[in-house]
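Comments concern the structure below.
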Amino acid sequence: MLERMRIFPGNSSRILAEGICKKLGISLGRATVSTFSDGETSVEIDENVRGMDVFIVQSTSTPVNNSLMELLIMIDALKRASADRITAVIPYYGYARQDRKAAPRAPITAKLVADLLTVAGASRVIAVDLHAGQIQGFFNIPVDNLYATPILLEYVKRNYPDKLIIVSPDTGGVVRARAFAKRLGATLAIVDKRRDAPNESQVMNVIGDVKDKYAIILDDMIDTTGTVVQAAEAIKNEGAIEVSACCTHPVLSGPAIERISASVLKEVIVTDTISLNEKAQACEKIKVLSMTGVLSESIKRIYYNESISSLFI
């Protein structure tokens, strides 16, 4: 039934792509993605894709620029091989935090990446929990922004007691946290913070009553963990029974793992939109949930021209 579908992995998301193919009952597409001695990316598509509906699974995660170039070159290779439709499946969309001019003469790099993907030949983009919804408007091709919320909600419902409070780590995440709390029947709190420099933050105050409750800090991504670790400490000092964190994208750069291990956090719940390195995999506090079910079902629905939004109703 899926004879015209081909799914190719980039180096950053091979395990995720294998899981998607297993769910769909098809073989992984054959492609060789390597690097010349000077650092140039080389791509060879090792099978016929003429007239095929092709999906490339590649998160633009660490190393971000290499992952992005791999994706762009794979799109170009498949376009020149006469693929009928090329969908870039980007579980983690890198550069998404640069979505506006936050300072004079600053670039809007999220828009630049959108232009690069379109010019390279992508017909459609699938992403998961974009950092800012307006990034969809940066494209002149269809964009499907999927949500990890159903998977995260199911885990929290199974493993956490009733006395829950969902905490937004900043004012920008209040809408996300409120929706999450509503579906759990939980209350809401907000961490007021001041960011002094990129990847650095100072927690100032906790707005809301967290005393004698099980707190879950909810965000779309966790990077250096400076914010979430400081927030967890502040929440614990306010009388919370225990504090956990929950996010879609485990960027976990720099000293993130050491900070998590030494923190008051009970656990950090993440998805596999980004492949974890060995150090992160060894951290007992990190719990990884799989996005293969949502992504495989979305890919199948796109192939059959069916609704994706109904997945999240």
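The condition (being hydrophobic (A, V, I, L, M, F, W, C), modelled with pLDDT of 95 or more, surrounded by fewer than 13 Cβ atoms within 10 Å (Cβ to Cβ) and outside any loop (DSSP other than H, G, I, E, B)) is satisfied by just one residue among VAL89, VAL43, VAL119: VAL119. Close Cβ contacts (under 7 Å, 6 or more residues apart or on different chains) running from residues in the stretch 1-24 that are closer than 26 Å to LEU68 by Cβ to residues that are modelled with pLDDT under 95 comprise GLY10/VAL33; ASN11/VAL33; LEU24/LEU2.
Residue under question is ILE257, and the condition is that it be buried (at least 17 other Cβ atoms within 10 Å of the Cβ), free of Cβ contacts under 8 Å to residues at least 40 places away in the same chain and either acidic (Asp, Glu) or over 21 Å from ALA177 (Cα atoms) (or both); does it hold? Yes; evaluated as a whole, the condition is true for this residue. Taking the stretch 26-72 as the range and being over 24 Å from the mean Cα position of the chain (by Cα), closer than 24 Å to GLU297 by Cα and free of Cβ contacts under 8 Å to residues at least 24 places away in the same chain as the test, the residues that pass are SER27, ARG30. Just so you know, in the stretch 46-63 the residues that are surrounded by fewer than 16 Cβ atoms within 10 Å (Cβ to Cβ) and out of contact with any strand residue (DSSP E or B) (no Cβ under 9 Å at 6 or more places or on another chain) include one that is farthest from PHE8 (Cα to Cα), and it is PRO63. When LEU152 is tested against the conditions (1) free of Cβ contacts under 8 Å to residues at least 40 places away in the same chain; (2) touching a Phe, Trp or Tyr at 6+ places or on another chain (Cβ under 8 Å); (3) under 29 Å from SER310 (Cβ atoms), the lone failure is (1). Selection of the stretch 243-300 for residues being assigned to a helix (DSSP H, G or I) and either acidic (Asp, Glu) or over 25 Å from GLU18 (Cα atoms) (or both) yields ALA256, ILE257, GLU258, ARG259, ILE260, SER261, ALA262, GLU278, GLU297.
The values are calculated or read from the model by the stated rules, or taken from the named source; none is laboratory data. None of these values were measured; they are calculated from a predicted model. Here Cβ is always computed from backbone atoms with ideal geometry, including for glycine, and neighbour counts include all displayed protein chains.
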